[in-house]
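Presented below is the structure to which this report refers.
The values are calculated or read from the model by the stated rules, or taken from the named source; none is laboratory data. From a predicted model like this one, the values you see are computed outputs, not experimental measurements. Cβ placement follows ideal geometry from the backbone for every residue including glycine, while neighbour counts extend to all protein chains displayed. Calculation scope for accessible area: heavy atoms of the full protein, side chains included, ligands and nucleic acids excluded. Shrake-Rupley method; radii C 1.70, N 1.55, O 1.52, S 1.80 Å.
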Amino acid sequence: MSTDVYERIRSNPKFAELVTKRTRFAVGLSILVLVIFYGFILVVAFAPTLLAKPLWTGAATTIAVPIGAGIIWFFWLLIGYYIYRANRDFDGINADIVKEAMK
Amino acid sequence: MRGSLRSGVSVLALAAWTSCTLAAPAAGEIQEQPLNVHAIVMFLIFVAATLGITYWAAKRTRTASDYYAAGGAITGTQNGLAIAGDYMSAATLLGITGLVYSKGYDGFIYGIAFFACWPIIMFLMAERLRNLGRFTFADITSYRLDQRKVRTMAAIGSLAVVVFYLIAQMVGAGQLIKLLFGLPYWLAVVVVGVMMVIYVTYGGMLATSWVQIIKACLLLGGGTIVLGLAMSQFGFNFETLAAKAVSVHKDGLKIMAPGNMLADPINAVGLGLGVMFGTAGLPHILMRFFTVPNARQARKSVFVATFCIGFFFCVVSLMGLSAIVIVGQNPAYFEGGNIAGTMIGGTNMPALHLAHAVGGNLLLGFLAAVAFATILAVVSGLALAGASALSHDIYANAIKLGKVSEGAEVRVSKMSSLGLGVLAVLLGILFENLNVAFTVGLAFGIAASCNFPVLFLSMYWKGLTTRGAVAGGLVGLISAVAIVVFSQAVWVTVLGNAKPLFPYEQPAIFSMPLAFFVCWLVSKLDTSAQAAKERAAFEDQYVRAQTGFGAAGAVSR
């Protein structure tokens, strides 16, 4: 808990690297999510007929159905991808940084 | 099996379980049988099981950390189910099904909006919450700011969200139970209040978590069974279902695409913002991140929770679509047998009618019991969050400045949950005949405009000072409340005025940016020595947020 340890962590170049990498990754994914979601909302608000196209000629199912479900499950996959990267890449560096600071 | 016999039986059965409602037609001719035995038996089993768990949890709840955060010993998977349990309320089950039933695709858009907050919470908040928090989210906002002022501010925000959300849940519970179980409204509200207080005071976070986990499993299982039986009528083919739904629904093909519900862009984006950032500011959801041992388990929680939530939104949307065909064409579910008229029990009923149509009284009873259990679980989570704000933030830290024994703090929390239980019951009874639909929007609006901006900036912006946080939080709270009060939902629907003073329903699009702006402006203008100290303290907080070093309970497991 001591400030010394925090100071040592902060001065470790690996910390800066971890923070930059992870932040870039997280912010990138967040922007992707925001663009998709608000893009979808704006299409709903301004051009709902775009989503009213039938999936094939004569079908009652419109493209809105797979797009909507696709948004949910694509977001879920992104969450999974974030966790995969965090477990594989970030946790190890994180543990190293803390270990080095405790020495 | 589903021949003419079914419709004959279902008319009788339906008459039996709805005869308690005032609106039931020709009630005099039908033998009064107001109690739904299946539902009550199944609900009692749920109550017995959860009370057993509460007893077990009470024996394991000794310290403040046990009480508020289940000792940080909930696993990622368990917590994921519990988060899903907190998030999938009866309103989602009944409301989204009802919305898809009447509006089609528009209802599904709500589901998508309620889902879209989760990736953002995952990428930007979950790990930091776990690394910085202990019992309440105010632990994070007050980490380097003035304990007294910022905690009080956060507690007010939490309590406002909790109370408005509780009102919606209590009134919904009372009406639902009156309809489903044949119990009087006041009794239903009292039962919910008493159960909630028992779970929270005796079992703390451990019991509350398990109530959520069981309820999440029941809800997912129940929904899946109902949907499976319904889809079997369409050969498990979505296009067959969609074609039939389109052919019988009064709006025809329009139900398969966005309609007019979200045609106003300000309201559409406002809804998106309110739901997305409101969820990220709901105290009972945030609190769940403190129950897992480390950031890795926090991530896993979100993965499991979002799977359940995404699956559930797809299930309820499909249930709504199936109900268009299965329920909407069956006169037994309409007052006077007129399928163009009013549905028995109102617009929230398609899910339950569907359960009855595909699985008879047994499945109806099961789903009704699940809906009741769902309400109990959600109010328990809310009550624990509210009680924690009162005891941990207001009493222990703002009043006693942290100089208080754990025992005393937990005692205050238990008394607070009792107080909240009494308040919830009273408000539930008081608002019985009020249209309380606005309270959920208000709760999300306050969460997005008061809790979220302060929480987010405290984690991400070095420049935030006490003055900025308090000013921004208050402005967000007041503006969100004002917008909702002056909008259609309260000014016209509740207060009976002719025209709303404010044309938009969704507060977050205005009040959230305003709160952020005030936080920023006041912090920038704050040149006090205190502010300089607070900015300097960000560095250590930042390291802890990033690495988890020094996080509460992080070393033990």
Extreme residue, nearest to B:G274 (Cα to Cα), among residues of the range B:490-512 that are open to solvent by less than 50 Å² (accessible area, probe 1.4 Å) and touching a residue at least 40 places away in the same chain (Cβ under 8 Å) = B:A508
Residues of the range B:143-184 satisfying the condition of being aromatic (F, W, Y) and open to solvent by 10 Å² or more (accessible area, probe 1.4 Å) | B:Y143, B:F164, B:Y165
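Filter the range B:228-262 for residues that are in a helix (DSSP H, G or I) and away from every other protein chain (no Cβ under 14 Å); which is surrounded by the most Cβ atoms within 10 Å (Cβ to Cβ)?
If we filter the range B:228-262 for residues that are in a helix (DSSP H, G or I), which is where we start, we get B:228-232, B:238-248, B:252-256.
With the extra rule that they be away from every other protein chain (no Cβ under 14 Å), the set shrinks to B:228-232.
Working: B:G228: 13, B:L229: 18, B:A230: 23, B:M231: 19, B:S232: 10.
Among them, the one singled out is B:A230.
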Residue identified as at pLDDT 95 or above and more than 20 Å from B:Y143 (Cα to Cα) among B:L477, B:L434 = B:L477
Look at the range B:160-210 and say how many of its residues are free of Cβ contacts under 8 Å to residues at least 60 places away in the same chain and either of a type in the set (S, T, Y) or under 15 Å from B:L51 (Cβ atoms) (or both).
-> 1
Six or more apart or on different chains, Cβ under 7 Å: which pairs go from a residue in the range A:34-56 that's more than 7 Å from every other protein chain (Cβ to nearest Cβ) and within 17 Å of B:F108 (Cβ to Cβ) to one that's of a type in the set (A, V, I, L, M, F, W, C) and open to solvent by 50 Å² or more (accessible area, probe 1.4 Å)? Could you list them?
-> A:V43/A:L50
Mind listing whichever residues of the range B:185-198 are open to solvent by 50 Å² or more (accessible area, probe 1.4 Å) and more than 27 Å from B:A58 (Cβ to Cβ)?
-> B:W186
List every residue pair whose Cβ atoms sit under 7 Å apart, with the two residues 6 or more apart in sequence or on different chains, where the first one lies in the range A:74-92 and is over 20 Å from B:F311 (Cβ atoms) and the second, anywhere, is in a helix (DSSP H, G or I).
-> A:R85/A:F25; A:A86/B:R299; A:N87/B:R296; A:F90/A:L18; A:F90/A:R22; A:D91/B:R296
The condition of being crowded, with 23+ Cβ neighbours inside 10 Å and within 30 Å of B:E534 (Cα to Cα) holds, among B:L455, B:L401, only for B:L455
Would you say B:A385 is touching a residue at least 12 places away in the same chain (Cβ under 8 Å) and buried (at least 24 other Cβ atoms within 10 Å of the Cβ)?
-> yes
What number of residues within the range A:57-76 are surrounded by 12 or more Cβ atoms within 10 Å (Cβ to Cβ) and more than 9 Å from every other protein chain (Cβ to nearest Cβ)?
-> 4
For residues in the range B:206-227 being of a type in the set (G, A, S) and surrounded by 21 or more Cβ atoms within 10 Å (Cβ to Cβ), which is nearest to the chain's Cα centre (by Cα)?
-> B:A216
Only one of (1) small (G, A, S); (2) facing another protein chain (nearest Cβ under 9 Å); (3) within 30 Å of A:N12 (Cα to Cα) does not apply to A:G92, and that is (2)
If we ask which residues in the range B:329-347 are modelled with pLDDT of 90 or more and in contact with a Phe, Trp or Tyr (Cβ under 7 Å, 6 or more places away or on another chain), their number turns out to be 0
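Quick one: is B:P265 within 12 Å of chain A (Cβ to nearest Cβ) and without any contact (Cβ under 8 Å) to a residue 24 or more places away in the chain? Let's see the steps before the verdict.
Numbers: within 12 Å of chain A (Cβ to nearest Cβ): yes; without any contact (Cβ under 8 Å) to a residue 24 or more places away in the chain: yes.
Judged against the criteria, B:P265 is a match.
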Spot the failing condition for B:G341; the list is (1) in a helix (DSSP H, G or I); (2) without any contact (Cβ under 8 Å) to a residue 40 or more places away in the chain, and only one is missed.
-> (1)
Leading residue by the ranking (least open to solvent (accessible area, probe 1.4 Å)) among those in the range A:1-33 that are more than 9 Å from every other protein chain (Cβ to nearest Cβ) and of a type in the set (D, E, K, R) = A:K14
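Regarding the range B:284-291, can at least one residue be identified that is farther than 29 Å from B:H356 by Cα, within 10 Å of chain A (Cβ to nearest Cβ) and in contact (Cβ under 8 Å) with a residue 60 or more places away in the chain? If you could, list the steps in order and put the result at the bottom.
First pass over the range B:284-291, keeping only residues farther than 29 Å from B:H356 by Cα: B:284-291.
Narrowing further to those that are within 10 Å of chain A (Cβ to nearest Cβ): none.
Among the residues of the range B:284-291, not one is farther than 29 Å from B:H356 by Cα, within 10 Å of chain A (Cβ to nearest Cβ) and in contact (Cβ under 8 Å) with a residue 60 or more places away in the chain, which makes the answer no.
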Which residue out of B:A515, B:A469, B:A545 is in contact with a helix residue (DSSP H, G or I) (Cβ under 7 Å, 6 or more places away or on another chain), buried (at least 19 other Cβ atoms within 10 Å of the Cβ) and within 14 Å of chain A (Cβ to nearest Cβ)?
-> B:A545
Go through the range B:335-366 and give me each residue that's open to solvent by 20 Å² or more (accessible area, probe 1.4 Å) and of a type in the set (G, A, S).
-> B:G336, B:G337, B:A340, B:G341, B:G345, B:G346, B:G359, B:G360
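Would you mind listing the helices (runs of 4 or more DSSP H) fully within the range B:391-500 where at least 1 residues are aliphatic (A, V, I, L, M) and within 25 Å of B:R128 (Cα to Cα)? Spell out the reasoning first.
Values: elements: B:406-430, B:437-446, B:452-460, B:466-486.
Per the criteria, B:437-446, B:452-460, B:466-486.
Could you say which residue among B:I40, B:I112 is surrounded by fewer than 21 Cβ atoms within 10 Å (Cβ to Cβ), of a type in the set (A, V, I, L, M, F, W, C) and either more than 14 Å from every other protein chain (Cβ to nearest Cβ) or closer than 30 Å to B:G328 by Cβ (or both)? Spell out the reasoning first.
Details: B:I112 fails: surrounded by fewer than 21 Cβ atoms within 10 Å (Cβ to Cβ).
Exactly one of B:I40, B:I112 is surrounded by fewer than 21 Cβ atoms within 10 Å (Cβ to Cβ), of a type in the set (A, V, I, L, M, F, W, C) and either more than 14 Å from every other protein chain (Cβ to nearest Cβ) or closer than 30 Å to B:G328 by Cβ (or both), namely B:I40.
Report, by residue number, each residue of the range B:518-542 that is open to solvent by less than 70 Å² (accessible area, probe 1.4 Å), within 14 Å of chain A (Cβ to nearest Cβ) and in a helix (DSSP H, G or I). Outline the logic, then answer.
Our first condition is that a residue be open to solvent by less than 70 Å² (accessible area, probe 1.4 Å); within the range B:518-542, this holds for B:518-519, B:521-523, B:526, B:528, B:531-532, B:534-542.
Applying the additional criterion that residues be within 14 Å of chain A (Cβ to nearest Cβ) yields B:536-542.
Matches in the range B:518-542: B:A536, B:F538, B:E539, B:D540, B:Q541, B:Y542.
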Positions within the range B:79-89 being assigned to a helix (DSSP H, G or I) and open to solvent by less than 10 Å² (accessible area, probe 1.4 Å), in sequence order | B:N79, B:G80, B:A82, B:I83, B:A84, B:G85, B:D86
Show the residue pairs that are 6+ apart or on different chains and have beta-carbon atoms under 7 Å apart, the first residue being within the range B:471-489 and under 15 Å from B:V440 (Cβ atoms), the second being open to solvent by 10 Å² or more (accessible area, probe 1.4 Å) and among the small types (G, A, S).
-> B:V484/B:G441; B:A489/B:A437; B:A489/B:G441
Tally the residues that are within 17 Å of B:G274 (Cβ to Cβ), in contact with a Gly (Cβ under 8 Å, 6 or more places away or on another chain), open to solvent by less than 10 Å² (accessible area, probe 1.4 Å) and among the hydrophobic types (A, V, I, L, M, F, W, C), restricting the search to the range B:422-451.
-> 5
Is one or more of the residues making up the range B:157-180 within 14 Å of another protein chain (Cβ to nearest Cβ) and at pLDDT 90 or above?
-> no
Please find, within the range B:302-317, the residue that is surrounded by the most Cβ atoms within 10 Å (Cβ to Cβ) out of those that are within 10 Å of chain A (Cβ to nearest Cβ) and under 20 Å from B:S102 (Cβ atoms).
-> B:S317
